[in-house]
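Notes follow once the structure below has been shown.
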Amino acid sequence: MRTAFSVLSSDAKRIFAAAGLRALATGMAGVLIGLYLAQLGLSAAAIGVVISAGLAGATVSVLVATLWGDRLGRRRMLLGLALLGTVGGAAAALTSGPLTLGLAAFVGMVNGMGRDRGAALVLEQAILPGTTDERGRTGAFAWYNLLIDIGHALGALLAVLPAVLQAVGGLDETSAFRWSFAFYAALHALALPLYGRLSAAAEVPRDETVHTLAPESRRILWKISALFGLDAVAGGFLGAALLSYFFFERFGVSAAAIGALFFGARIMNAASHLAAAWLAKRIGLVNTMVFTHMPSSLLLVTVAFASDFWVAALLFLLREGLVEMDVPTRQSYVMAVVRPQERTFASGVTHLVRLGGWAVAPVAAGVLMQGVALATPLVIGAGMKIAYDALLYAAFRKVKPPEES
């Protein structure tokens, strides 16, 4: 893995740093946004709507990146996304009404999932394969996701920031949350100079911009996107904001305790990425995706029925040690089975269907939590993920990337 990291270009390292800053902001927002909205007096259903608005904004940005990212310029669009994240975070810190909060979340693509899944990833993942060779591709994605999940972990730990601001700065609870989201906006702003220094090698030459996919690429992309859509709807029931709300309501634990739990979860996620790259070299990308993801869903069901917080926390951490192993392998697989000039479009389409599922599901999850039972979204989401794994294996176990052929 040291070799895979050492051969990466300066562009890759700038992308790693910018993605880490964005992940830090996302990890913090994933834990705090639901608690912040509840502090402002919003109902569970309204919280779900605001979270969905943020994901809907991210979905629109992914659509733009997919269709026009290469033509507009990857560097230029990454700069624009970082600027919008800064503006949206600042607006969320300054407003109070459900409508204005929803608008701020939409414009700023505020991510209540606790995991970074926006348009910046579409562009970064299209750039990344060009920074190494085919054999180093999965390792490069593993390092990329490792650094992102370290950011998620530290961001979750920053959920203690409101409590620190109250204790040290003498702020009331609402003001402490507002200043925390001002810090979220500042993290996005720090990515601007990093993206500004990307070289011309990060761009696609204008004469290679894709207008149509090759027939084989189209067939693979639409089939795998449909499956990713199913997984995304399931994941929308299980975002960090709603899981934080579940732990808070079910067990009455503090934001600091939930933040510490999600810090541990992101550490488990981060370690799993390097393990995924190691395992993929031995059993293949598709097998790694399926045979680690399905057990994680079974563990999630046990969290829903745990008797106390510590048992639930332990089961949740075990689940988080497996659930993200399909991320670098999935990204590497999609980039491998399409042509290099199709990578932005392929990355965009697969992200788009995921964000569409994530944007729809939190509204339903909030209604189910309020009207049926607090644990209902966990059970539904886990069942849908198990179905996704089975269908993915059936459809793609014989479709090999170049290094496995």
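The values are calculated or read from the model by the stated rules, or taken from the named source; none is laboratory data. Values in this document were obtained by computation on a predicted structure and should not be read as measured data. Cβ coordinates were reconstructed from backbone atoms using ideal geometry, including for glycine residues, and neighbour counts include every protein chain displayed.
For residues in the stretch 250-299 being outside any helix (DSSP H, G or I) and of a type in the set (Gly, Ala, Ser), which is nearest to Pro402 (Cα to Cα)?
Here the answer is Gly284.
Report, by residue number, each residue of the stretch 368-394 that is among the hydrophobic types (A, V, I, L, M, F, W, C), assigned to a helix (DSSP H, G or I) and in contact with a helix residue (DSSP H, G or I) (Cβ under 6 Å, 6 or more places away or on another chain). Can you show your working first?
Here is the first cut: in the stretch 368-394, the ones among the hydrophobic types (A, V, I, L, M, F, W, C) are 368-369, 372-375, 378-380, 382, 384, 386-387, 390-392, 394.
Filter again for assigned to a helix (DSSP H, G or I), leaving 368-369, 378-380, 382, 384, 386-387, 390-392, 394.
Those that are among the hydrophobic types (A, V, I, L, M, F, W, C), assigned to a helix (DSSP H, G or I) and in contact with a helix residue (DSSP H, G or I) (Cβ under 6 Å, 6 or more places away or on another chain): Leu368, Met369, Leu378, Val379, Ala382, Met384, Ile386, Leu391, Leu392.
Looking for whichever is in contact with a helix residue (DSSP H, G or I) (Cβ under 9 Å, 6 or more places away or on another chain), within 19 Å of Ala189 (Cβ to Cβ) and among the aliphatic types (A, V, I, L, M) here; the options are Ala120, Ala44. Which one fits?
Ala120
Looking at the stretch 235-249 only, could you name the residues that are of a type in the set (Gly, Ala, Ser) and either under 14 Å from Leu314 (Cα atoms) or not in a helix (DSSP H, G or I) (or both)?
Gly239
Would it be correct to say that Ala176 is crowded, with 18+ Cβ neighbours inside 10 Å, of a type in the set (A, V, I, L, M, F, W, C), farther than 30 Å from Leu72 by Cα and free of Cβ contacts under 8 Å to residues at least 40 places away in the same chain?
Details: crowded, with 18+ Cβ neighbours inside 10 Å: yes; of a type in the set (A, V, I, L, M, F, W, C): yes; farther than 30 Å from Leu72 by Cα: yes; free of Cβ contacts under 8 Å to residues at least 40 places away in the same chain: yes.
For Ala176, the condition - crowded, with 18+ Cβ neighbours inside 10 Å, of a type in the set (A, V, I, L, M, F, W, C), farther than 30 Å from Leu72 by Cα and free of Cβ contacts under 8 Å to residues at least 40 places away in the same chain - is met.
Return the residue satisfying two criteria in turn: it lies in the stretch 215-249 and is surrounded by fewer than 20 Cβ atoms within 10 Å (Cβ to Cβ) and of a type in the set (Asp, Glu), and of such residues it is nearest to Ala382 (Cα to Cα).
Only one residue fits best here, namely Glu249.
Please determine, by comparing only the residues of the stretch 237-270 that are under 17 Å from the mean Cα position of the chain (by Cα) and modelled with pLDDT of 85 or more, which one is farthest from Thr138 (Cα to Cα).
Filtering first and then ranking leaves Gly264.
Restricting attention to the stretch 250-303, which residues are among the aromatic types (Phe, Trp, Tyr) and either in contact with a Leu (Cβ under 7 Å, 6 or more places away or on another chain) or buried (at least 20 other Cβ atoms within 10 Å of the Cβ) (or both)?
Phe262, Phe263
For the stretch 1-96, please list each of the helices (runs of 4 or more DSSP H) lying entirely inside it that holds at least 2 residues being crowded, with 20+ Cβ neighbours inside 10 Å.
Ranges flagged: 10-39, 44-72, 74-94.
Report, by residue number, each residue of the stretch 97-122 that is closer than 17 Å to Arg330 by Cβ and not in a helix (DSSP H, G or I).
Met113, Arg115, Asp116, Arg117, Gly118
Could you give every pair whose Cβ atoms fall below 6 Å, whose first residue belongs to the stretch 156-170 and is touching a residue at least 40 places away in the same chain (Cβ under 8 Å), and whose second residue is surrounded by 14 or more Cβ atoms within 10 Å (Cβ to Cβ) and of a type in the set (Val, Ile, Thr), counting only separations of at least 6 or pairs across chains?
Ala156/Val31; Ala159/Val31
Within the stretch 315-326, does at least one residue satisfy the condition of being assigned to a loop (DSSP other than H, G, I, E, B), surrounded by 21 or more Cβ atoms within 10 Å (Cβ to Cβ) and in contact with a Ser or Thr (Cβ under 7 Å, 6 or more places away or on another chain)?
Yes: the stretch 315-326 contains one or more residues that are assigned to a loop (DSSP other than H, G, I, E, B), surrounded by 21 or more Cβ atoms within 10 Å (Cβ to Cβ) and in contact with a Ser or Thr (Cβ under 7 Å, 6 or more places away or on another chain).
Going residue by residue through the stretch 333-342, is there one that turns out to be among the basic types (Lys, Arg) and either buried (at least 24 other Cβ atoms within 10 Å of the Cβ) or assigned to a helix (DSSP H, G or I) (or both)?
Within the stretch 333-342, not a single residue is among the basic types (Lys, Arg) and either buried (at least 24 other Cβ atoms within 10 Å of the Cβ) or assigned to a helix (DSSP H, G or I) (or both).
Yes or no: the stretch 4-20 includes at least one residue that is polar (S, T, N, Q) and more than 30 Å from Lys281 (Cα to Cα).
Among the residues of the stretch 4-20, not one is polar (S, T, N, Q) and more than 30 Å from Lys281 (Cα to Cα), which makes the answer no.
Out of the stretch 123-142, which residues are in contact with a Phe, Trp or Tyr (Cβ under 9 Å, 6 or more places away or on another chain) and crowded, with 24+ Cβ neighbours inside 10 Å?
Within the stretch 123-142, Glu124, Gln125, Ala126, Leu128, Thr138, Gly139, Ala140, Ala142 meet the criteria.
Residue pairs, Cβ under 9 Å, 6 or more apart or interchain, first in the stretch 70-96 and among the hydroxyl-bearing types (Ser, Thr, Tyr), second surrounded by fewer than 23 Cβ atoms within 10 Å (Cβ to Cβ). List them.
Thr86/Ala185; Thr86/Ala186; Thr86/Ala189; Thr86/Leu192; Thr95/Leu103; Ser96/Leu40; Ser96/Gly41; Ser96/Thr174
Going by the structure shown, is Ala387 surrounded by fewer than 17 Cβ atoms within 10 Å (Cβ to Cβ) and at pLDDT 75 or above?
yes
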